[in-house]
1. What lysines does K22 reach when the alpha-carbon gap must be under 30 Å and sequence neighbours fewer than 8 apart in one chain are set aside?
2. What's the Kirkwood radius of segment 116-266 in Å, using all Cα pairs?
3. Got a sec to turn the phi values of segment 101-109 into Karplus ³J(HN,Hα) couplings, 6.51 cos²θ - 1.76 cosθ + 1.60 with θ = phi - 60°, whole Hz, x for Gly and Pro?
4. Computed over the Cα atoms of segment 1-89, what is the convex hull's projected area averaged over all directions, in nm²?
5. Using the Cα atoms as the points, what is the convex hull volume per residue of segment 188-241 in Å³?
6. I'd like the FRET efficiency for F55 and R100, computed as 1/(1 + (r/R0)^6) with the beta carbon distance as r and R0 of 22 Å, rounded to 0.05.
7. Can you work out the Karplus-derived ³J(HN,Hα) for every residue in segment 172-186? Use 6.51 cos²θ - 1.76 cosθ + 1.60 with θ = phi - 60°, whole Hz, and x for glycine or proline.
8. Once every DSSP H run of n ≥ 4 in the chain is given -39500 (n - 2.57) and the sum is divided by its residues, what mean residue ellipticity at 222 nm do you get, rounded to the nearest 500 deg cm²/dmol?
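The values are calculated or read from the model by the stated rules, or taken from the named source; none is laboratory data. None of these values were measured; they are calculated from a predicted model. Glycine also receives a Cβ, built like all others from the backbone with ideal geometry; neighbour counts cover every protein chain displayed. When the accessible area is computed, the model is the full protein with side chains, heavy atoms only, and any ligands, DNA or RNA have been set aside. Shrake-Rupley method; radii C 1.70, N 1.55, O 1.52, S 1.80 Å.
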Amino acid sequence: MEPRRMHISGNWKMNLGPRQSKGYLDELKGQFAALSFDQESFESRGVDVSLFPPFTSLHVFSESARDMPVVYGAQNAYCEASGAYTGEISADMVKELGARQVLVGHSERRHIFAESTDLIARKVSRVLSADLQVMLCVGETLEERQKGDTFDVLEKQVLTAIAHQTPEEVASWIQIAYEPVWAIGTGRNASPEDAQEACQFIRRLIAERFGHRVAPKTRILYGGSVKPGNAQAILERPDVDGALIGGASLKADTFAEVIRIAMEIA
Ligand code: PEP
């Protein structure tokens, strides 16, 4: 079985509009040139790089990221294909702008926008129907961790979100990001041991539910205050297949530095 590729992904949240996105991509291009990173080197090291800009910057990516070894996607998409859903955007619409992946179940969507597990499951199915990759985010709150409920929460979030999917879809089209809520945007990251333990637990869940051939293929990332200073220790863990990075992805040089670290480990 081929080893899993490492995935370094940036979630810009509600930051970096079209003009700033263009400047960022130009700078990232410069960073890649200085580090001699291109499609071929990422391919041979087994590293994937992606970004989730805001919707309004997707068209900039469709122009400026075309010749870059960077996949991009949307931070959200509605659970229906089209219709009377004012203010929403469909997976097919972002696909038209070259998006190849969609974030589903980010903790900010769960907690600020009250997205339910049912809605998240429907979004997963819709994104897959559009032939786009899903990056499913799961993670416990501080209160849940302190009560000892972390694994129950992860089990519920993972298994309800992908309950309707086939083993093939889970192996090839779904990646999972373990993002403890208390570590997102707080500067407080999970320890590499905690990240490993949670990612390993999720992989075991996938094996039990979808089979032992699926689990080793499924990529499971860690997210929560990853930055150049802590990336290596986290990415070195065997069940951590990459990082989903918020704050530290907003500057091209910092993001490139995490990619450089991943290239050395992969
Ligand atoms: C995120 O938004 O998915 C995230 C992990 O953010 P940060 O890296 O800023 O904690």
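1. K13, K95, K123, K227, K251
2. Working: mean 1/r = 0.0638 Å⁻¹.
By the Kirkwood definition, the hydrodynamic radius is 15.7 Å.
3. 8, 9, 6, 10, x, 4, 4, 5, 6
4. If I average the Cα hull's projected area over directions, I get 7.5 nm².
5. On the way: hull volume 3.5 nm³, N = 54.
Dividing the Cα hull volume of segment 188-241 by its residues yields 65 Å³.
6. Numbers: r = 15 Å, r/R0 = 0.68.
Result of the calculation: an efficiency of 0.90.
7. Rounded to whole hertz, the list is 10, 10, 10, 10, 10, 10, 7, 10, x, 4, 5, 9, 8, x, 9.
8. Numbers: 12 runs with 121 residues, N = 266.
About -13500 deg cm²/dmol.
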